[in-house]
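Have a look at the structure below, then the notes.
The values are calculated or read from the model by the stated rules, or taken from the named source; none is laboratory data. Source: prediction; values computed, not measured. Quick reminder, even Gly has a Cβ in these numbers, built from the backbone with ideal geometry, and neighbours come from all protein chains shown. Ligands, DNA and RNA are excluded from the accessible area calculation, which covers all protein heavy atoms including side chains. Shrake-Rupley method; radii C 1.70, N 1.55, O 1.52, S 1.80 Å.
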Amino acid sequence: MIEIGAHVDLSHPSDRVWLALTDRELLGRWFAEADMVEGVPDRLRLHTADLPGFDADVEVEVTERRVPELLALRCDEAGRLTELTCAVTSTKEGSRLAVREVPTHGAWSDEQHDAREQQLRQALTVRLPAILDWLAFQQVDLRRGEAGMTTELPVIGAPGPARRRRRAVVIGLVGVVLAAGTVAWLTLPGEPDHVAAPIPSTTPTPLPSVVGAAATTAQPMATPSARPPSRTATPTSARPTRTPSAKPSPSPTPTGPPPPPLVARYDTDSSRLFGYTGEVVVDNPGPAPVEQWVVVVTLAEGSSVDDVDGADWSSDGQALTFTGAAVPAGGSRTIRFDVRDSRPKAREPEGCTVGGNPCAGF
């Protein structure tokens, strides 16, 4: 029995190498294009007919799968049956990928064997590292497209003409405000002046004449002492007195209609084998942010989640519960999660709700 084997040491983590093995688009770039076998949900077709050492396309079926360590396939190439294993182990520099194919029914000719092994070695040592380098660059999260620049350098230097003009305008505005305030203060009505009351007359009262011959002298009468003039304030105008008016009893403040509920839509990116990436976009059409929200996604039986971005999450069986920061008024939140499945053609979630209401997209 003649087998084909090759291995390569890669400066990439095992999970990235696993993605290159199971993503249909990536697999097509470094080895062969793949699609599903129509009518057979668990089988995949690799378009290898034009590759050196291959006579036809290869149909594969997954027999064992341990993420991200082992992928075992049963292959059928026009009646020739083989078993193909891809083993990924972590190393200090990254990871090692070992590929081994053993025929179980039928055999290759020597010419086919050599061409097939050379094709595999070239794919592993040349094309795969290039794809992994490209993938590593794509996975760098610069986030420049989401929130713009994260740092702005301060501008230091002498103010230019525009700044001097702005400063002059500001000083002019301040002057206008101060002048207007002074004029307003000068024209405000002051307190009314007090009007002096007329000074009382100080003409002495004539003494009464003395009746009788016996009176030889006149007894002086006490005359009122002169009082200093007093200033009596007389109002220039009568001020109407304010009479308290009856205060109306407070009426209940009318309440507006409740804010519209959050809405969500679901979408699946199924470009990967044995899994997919799900996306839920939560929209807030209301005028105020919503602090508390819950999205529940129910996965198909046999599926499990690998990674979540954009929300906090917890799982209970097949139900995934997502929560997170407030959804701004008129804004949205996006949740992305990676799901793995034992079948090459992964099954989409069975349900999605936001606040108990179904998501769009199903």
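For the stretch 9-28, the criterion of being among the charged types (D, E, K, R) and farther than 21 Å from A87 by Cα is satisfied by no residue at all. Just one of (1) within 41 Å of the chain's Cα centre (by Cα); (2) at pLDDT 95 or above; (3) of a type in the set (D, E) fails for E101. It is (1).
Taking D267 as meeting all but one of (1) touching a residue at least 60 places away in the same chain (Cβ under 8 Å); (2) assigned to a loop (DSSP other than H, G, I, E, B), write down the number of the exception. Evaluating D267 over (1) touching a residue at least 60 places away in the same chain (Cβ under 8 Å); (2) assigned to a loop (DSSP other than H, G, I, E, B) leaves (2) as the failure. Answer yes if at least one residue in the stretch 20-42 is modelled with pLDDT of 90 or more, in a loop (DSSP other than H, G, I, E, B), of a type in the set (V, I, T) and buried (at least 19 other Cβ atoms within 10 Å of the Cβ), and no otherwise. No, the stretch 20-42 has no match at all. Scanning the stretch 111-135 for residues that are among the aliphatic types (A, V, I, L, M) and at pLDDT 90 or above yields A115, L120, A123, L124, V126, L128, A130, I131, L132.
Scanning the stretch 76-93 for residues that are of a type in the set (G, A, S) and open to solvent by 50 Å² or more (accessible area, probe 1.4 Å), we see that the one that is modelled with the highest pLDDT is S90.
Counting just the residues of the stretch 63-75 that are crowded, with 18+ Cβ neighbours inside 10 Å and over 36 Å from the mean Cα position of the chain (by Cα), which one comes out farthest from D35 (Cα to Cα)? Ranking the candidates gives L71 first.
Selection of first residues in the stretch 52-64 that are touching a residue at least 24 places away in the same chain (Cβ under 8 Å) and under 12 Å from G79 (Cα atoms) and of second residues that are loosely packed, with under 15 Cβ neighbours inside 10 Å and among the acidic types (D, E), restricted to Cβ pairs under 9 Å at least 6 apart or on distinct chains, gives an empty result.
Out of the stretch 103-121, which residues are under 17 Å from D76 (Cβ atoms) and exposed (fewer than 15 other Cβ atoms within 10 Å of the Cβ)?
T104, H105, G106, A107
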